[in-house]
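Notes for the one structure printed next.
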Amino acid sequence: MDLRDVAGELYSVAPGDFIARRNAAAAQADRSTAKQIKTLRKPSASAAAINALTREHPDLVGDVLEIGSRMRDAFASRDRAEIRALTQERQRLLQRATDGLDLSPAVQREVEETLQAAVIDPAAAAAVRSGMLVRALESTGLEQVDVSDAVALPIDIEDFPAPRPGRRKAQSGGGGNEDAGAAEADDEPGAEEHTESPSERRERQRRIRAAEKAVARAREDAEALDDELDETVDHRGDLEAERDSLQRRLQRITDDLSETRAAERELRSRISDAQRAVREAEKALRDARDD
């Protein structure tokens, strides 16, 4: 049993079925693989929605991510007209990808942010294409998206290559068009360089360390809760089995009680007949003595 195959199957099911399916898969595996299967985390609602979208509408997701490849080329060549056109196309595709998912506003926003991160960052795009997301992604536009704990199993970007651009870059229409797209291009990630000062770097590193500690604590809490849930599910299964056994025993006792009551009624009837026969015999005896 291959762990990656098991993970691929688990992350294709609804979140509500994940724990039961994971336990079933672990029960069928050898001890080492079962232990690894047990570590697979249940996906968040937004991650599950993206995993489903990747499997059910791969062409649409591919179109969204292919925009990212073209936008990175446009930024590299500073083609502002192309950047503007691709930005508009990206928004249309993101809207198509999230339409009809029937998600809460918060989950919908996480799905959009994840797809946005995938458009900008190749590692995020590979995480989305893996179909094994466990949490949403987000991008500041300035740094590489952190996907280290966002995918169920480690992935290599080369295993999920970016889609090849489906068309050539649009030609810019001249200086006027470039000026019209300048403001929008400047808002895009990578449009201008930022030199980080030593104090900013120290502050960023401090925030990173604090965030890493918070992530570690959150992971420990989540894993502890996950283990507690597994134990609760197992205990519930034991209780249900015991309940079923008691119900069967109760049914047998109820049947025996019903038979006993019927036997009691029959015996009482026979006793009444016997007592009546005694009275009649005693009367006959008295009559005989009187004669």
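Assorted remarks:
- Between the range 211-285 and the range 60-80, the alpha-carbon center distance in angstrom: 67 Å
- Peptides 111-123, 58-70 ordered by average Cβ neighbours within 10 Å, highest first: 111-123, 58-70
- Residues 260, 98, sorted so that the one with the fewest Cβ neighbours within 10 Å comes first: 260, 98
- Taking amide H as placed 1.01 Å from N in the peptide plane, the amide H of residue 134 sits under 5 Å from that of 151, 152, each at least 5 places away or on another chain.
- Signed unit charges on C-beta, dipole axis of the range 1-122, positive-most listed residue 43, 103, 32: 32
- Residues 57, 235 arranged by fewest to most Cβ contacts within 10 Å: 235, 57
Values quoted throughout were computed directly from the atomic coordinates according to the rules given, and no laboratory measurement underlies them. Remember, it's a predicted structure, so these values are computed and weren't measured experimentally. Positions of Cβ are backbone-derived with ideal geometry, glycine not excepted, and every protein chain shown enters the neighbour counts.
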